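Report on one structure; see the data block that follows.
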Amino acid sequence: MSETEKRPSVADLFVGFFVVGVMGFGGVLASSRRMVVEQRGWLTATEFTGLLGLCQFLPGGNIMNLSVALGARFRGIPGAVAALVGLMSGPVAIVIGLGVIYDQYKDVPAVVTAFAYLSAAAAAFMVATALRIAAPLWGKLLGIGVAVVTFIVIAVLGWPLVLALPVLALISVALAWILRPEERA
C-alpha cells in the first residue's frame, strides 16, 4: 500500500463509484481518476495508471475492470461487488430512460445535429483524458516510446486490439526486464 493510499470501506467504494457512474457522462475514466487519485487519495497517479493498464489488457470494460480490481484490492469480493454495482446502477437506469425518450425523438433534425456535436465533444474529452493519464510517463523515454509505438500500431497500422495488446504487452515486459529501472530514462 502506498503512503498516500487510504483504505476505503465497502460503502465508500459503492458511493464513490456510484457518483462517478452518474456524473461521468461521455465516459467515466476522467471522473474515476479524479475521484480515486485527487479527491479520495486511494491511489497515486502512477498506481492508477498502472492498474488501468492492467485493466485495459483484460477483457471487458476498462472502468468496470478498474472498479472490480480496486474494490477487490481494498475489501475483497464485497468491495469488488460494491464498486461494480455502484458504478453501473445509476448509468443503467439513466440509459434506459434516455433510450425510451430518444426513441420518441430520433427523427427530429435538432436531435440528430445535437448528437453530431456531442460526438465531437466526446472525442476531445477522450484526448484530454488520455493526456492526463499519460502524465506519469513524461520524462520516461521507455514509457513514451511504448505509447507512441502502440498508437502507431493501432491508429495508423490498424491492428486489432486483440492482436496488438498481447504483442505490445510482451514487448513492454521484455524491455522492462532487459532494461533495469535505474537504466530507464
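The values are calculated or read from the model by the stated rules, or taken from the named source; none is laboratory data. The shown structure was predicted, so the numbers you read here are calculated from the model rather than taken from an experiment. No Cβ is skipped: glycine too gets one built from the backbone with ideal geometry, and neighbour counts run over all protein chains shown.
Would you point out which residue out of 68, 20, 15 is aliphatic (A, V, I, L, M), modelled with pLDDT of 90 or more, farther than 20 Å from residue 119 by Cα and in contact with a Ser or Thr (Cβ under 7 Å, 6 or more places away or on another chain)?
Numbers: 68 fails: in contact with a Ser or Thr (Cβ under 7 Å, 6 or more places away or on another chain); 15 fails: in contact with a Ser or Thr (Cβ under 7 Å, 6 or more places away or on another chain).
Answer to the selection: 20.
Of all residues in the range 106-156, which are more than 26 Å from residue 32 (Cα to Cα), surrounded by fewer than 10 Cβ atoms within 10 Å (Cβ to Cβ) and not acidic (Asp, Glu)?
Scanning the range 106-156 gives 109, 110, 156.
Looking at the range 163-174, which of the residues that are at pLDDT 85 or above and either surrounded by fewer than 11 Cβ atoms within 10 Å (Cβ to Cβ) or in contact with a Leu (Cβ under 7 Å, 6 or more places away or on another chain) (or both) is nearest to residue 57 (Cα to Cα)?
The qualifying residue nearest to residue 57 (Cα to Cα) is 170.
Checking the conditions here, which among 133, 94, 154, 77 is in contact (Cβ under 8 Å) with a residue 40 or more places away in the chain, of a type in the set (Val, Ile, Thr) and closer than 23 Å to residue 59 by Cα? I'd like the intermediate steps shown before the answer.
Details: 94 fails: closer than 23 Å to residue 59 by Cα; 154 fails: in contact (Cβ under 8 Å) with a residue 40 or more places away in the chain; 77 fails: in contact (Cβ under 8 Å) with a residue 40 or more places away in the chain.
Result of the check over 133, 94, 154, 77: 133.
Scan 63, 77, 101 and give me the residue that is over 16 Å from the mean Cα position of the chain (by Cα), assigned to a helix (DSSP H, G or I) and at pLDDT 90 or above. Can you show your working first?
Details: 63 fails: over 16 Å from the mean Cα position of the chain (by Cα); 101 fails: at pLDDT 90 or above.
Going through 63, 77, 101 in turn, just one is over 16 Å from the mean Cα position of the chain (by Cα), assigned to a helix (DSSP H, G or I) and at pLDDT 90 or above: 77.
State the number of residues belonging to the range 20-43 that are small (Gly, Ala, Ser), buried (at least 20 other Cβ atoms within 10 Å of the Cβ) and not in a loop (DSSP other than H, G, I, E, B). Don't jump to the end; show me each part of the working.
Here is the first cut: in the range 20-43, the ones small (Gly, Ala, Ser) are 21, 24, 26-27, 30-32, 41.
If we keep only those that are buried (at least 20 other Cβ atoms within 10 Å of the Cβ) as well, we get 21, 24, 31-32.
Next, from what is left, pick out any that are not in a loop (DSSP other than H, G, I, E, B): 21, 31-32.
The qualifying residues number 3.
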